[in-house]
């Protein structure tokens with residue numbers, strides 16, 4: 001029972017911290033008094049735009065079972081075990097494919113509703129304002145957990161977080177980046193000066209014609225010398241030293257930075273082979289630059305390794321950013337970002353080695369951003385067969401209202417949940433014990449709803465529960 005209570009409280013604390021994390025990080029850049037830290041996230045959350053987020057999944061059970069058989073082949077005489085495993089995999093695929101989580105957020109309140117077909121499995125509501133944090137859920141239908149600002153202040157204080165130290169890190173980081181910038185620019189200028197005189201011609205990449213090409217003429221020793229010089233300049237910058245000192249003042253980080261011995265590294269370079277760098281070509285001026293449009297440039301890198309050509313191509317073609325990586329027989333990665341259309345596509349094809357097996361794994365992810373929301377679509381294929389599809393839809397809804405149901409429920413504060421029973425109260429439960437018991441009954445209620453929503457899979461679910469020794473594993477839901 002105690003473990004159940006701890007897990008439930010941990011879950012609620014994680015959710016609360018997740019809601020607070022972004023505004024809390026922003027707050028550390030200021031010198032706000034410690035007593036204002038707990039109240040600051042509330043106003044920031046209210047200022048966030050209202051939105052809804054829906055997720056949809058589709059798992060192919062046949063591909064899932066085929067993959068399992070490939071990775072864990074069953075020997076002769078294990079037909080019954082194989083049949084039971086396939087039932088479980090069918091159940092997993094069906095559960096995921098029929099889940100429909102929906103999140104609503106408005107004015108500091110968030111509500112998560114998880115549905116399975118026509119059944120509402122679980123809802124979770126969180127409301128944060130100046131009075132603190134309130135959490136309600138169908139898992140604990142008669143209770144509301146309330147966390148007041150003083151408890152949040154105590155939690156922050158006991159964590160050892162030093163607001164002044166965090167603010168100092170933010171200021172030092174900005175100064176350090178400004179100090180590093182000239183050295184980085186000098187490094188890039190030096191490398192740019194090592195490119196050959198331009199060749200003219202026509203080279204086509206991603207549908208765009210380039211009229212100039214230059215090759216990098218540099219050895220490994222030359223490049224390492226420039227990189228070590230850059231490291232030396234960064235280490236000697238007073239702003240970088242100040243950043244390291246500010247990090248040391250944050251409890252728990254245990255920052256220990258040993259400066260690199262650049263002089264010794266320089267001396268060792270003299271005795272190393274001075275090989276030519278891999279072939280790197282820079283292509284310029286795609287489709288002739290127009291007024292108001294950035295000139296296109298493209299880098300083509302080829303590395304010879306074990307009779308294979310590892311290639312990388314990246315650059316910007318007008319309003320598109322293109323990245324292509326190819327490691328023969330290992331992986332292919334393609335990224336295409338269209339800045340004008342606010343659209344991005346990622347393709348990742350790898351040959352994943354799992355034990356003695358090599359499994360071709362292909363992932364395609366597509367993002368699209370608009371004034372009204374975000375769309376994300378993912379497709380995962382295994383052995384060229386579709387395994388998982390997922391869709392995430394985020395819609396901005398300016399007039400959305402989210403209300404957390406607290407009417408008629410018993411409010412439990414953190415003081416209630418940490419209350420210890422008196423010596424003469426041996427028969428009654430503490431509020432924490434009562435909460436844990438109600439949560440356990442709520443969990444069994446969720447399992448019952450799953451059985452009602454998916455009666456064909458109920459037998460497999462019951463078998464899994466019985467194997468796990470869970471209570472309530474009735475064969476007749």
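Tabulated results
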| item | result |
| --- | --- |
| Filtered residues of the range 344-378 (kept if closer than 19 Å to residue 53 by Cα and assigned to a strand (DSSP E or B)) | 365, 366, 367, 368, 369, 370, 373, 374, 375, 376, 377, 378 |
| In the range 96-118, residue nearest to residue 398 (Cα to Cα) [restricted to those that are buried (at least 19 other Cβ atoms within 10 Å of the Cβ) and under 23 Å from the mean Cα position of the chain (by Cα)] | 106 |
| Qualifying position, being surrounded by 16 or more Cβ atoms within 10 Å (Cβ to Cβ), more than 27 Å from residue 57 (Cβ to Cβ) and either touching a residue at least 12 places away in the same chain (Cβ under 8 Å) or touching a helix residue (DSSP H, G or I) at 6+ places or on another chain (Cβ under 8 Å) (or both), among 337, 317 | 317 |
| Residue in the range 241-271 that is farthest from the chain's Cα centre (by Cα), counting only those that are more than 19 Å from residue 172 (Cα to Cα) and in a helix (DSSP H, G or I) | 267 |
| Strands (runs of 3 or more DSSP E) fully within the range 119-162 counting 3 or more residues that are modelled with pLDDT of 80 or more and farther than 22 Å from residue 431 by Cβ | 119-129 |
| Matching residues in the range 395-412 - criterion: being surrounded by fewer than 16 Cβ atoms within 10 Å (Cβ to Cβ) and in a strand (DSSP E or B) | 395, 396, 410, 411 |
| Check on residue 204, over 33 Å from the mean Cα position of the chain (by Cα) and farther than 16 Å from residue 300 by Cβ | no |
| Filtered residues of the range 32-82 (kept if assigned to a helix (DSSP H, G or I), modelled with pLDDT of 60 or more, within 25 Å of the chain's Cα centre (by Cα) and surrounded by 13 or more Cβ atoms within 10 Å (Cβ to Cβ)) | 64 |
| Candidates 366, 329 - the one that is modelled with pLDDT of 90 or more, within 28 Å of residue 63 (Cβ to Cβ) and touching a strand residue (DSSP E or B) at 6+ places or on another chain (Cβ under 9 Å) | 366 |
| Residue check for residue 279: surrounded by 13 or more Cβ atoms within 10 Å (Cβ to Cβ) and within 19 Å of residue 195 (Cα to Cα) | yes |
| Matching residues in the range 285-316 - criterion: being modelled with pLDDT of 80 or more and under 16 Å from residue 340 (Cβ atoms) | 316 |
| Test: residue in the range 86-103 that is at pLDDT below 90, touching a strand residue (DSSP E or B) at 6+ places or on another chain (Cβ under 6 Å) and under 30 Å from residue 143 (Cβ atoms) | no |
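The values are calculated or read from the model by the stated rules, or taken from the named source; none is laboratory data. Note that the structure is a prediction, hence the values are computed from the model and not measured. Every residue, glycine among them, receives a Cβ derived from its backbone with ideal geometry; neighbour counts consider all protein chains shown.
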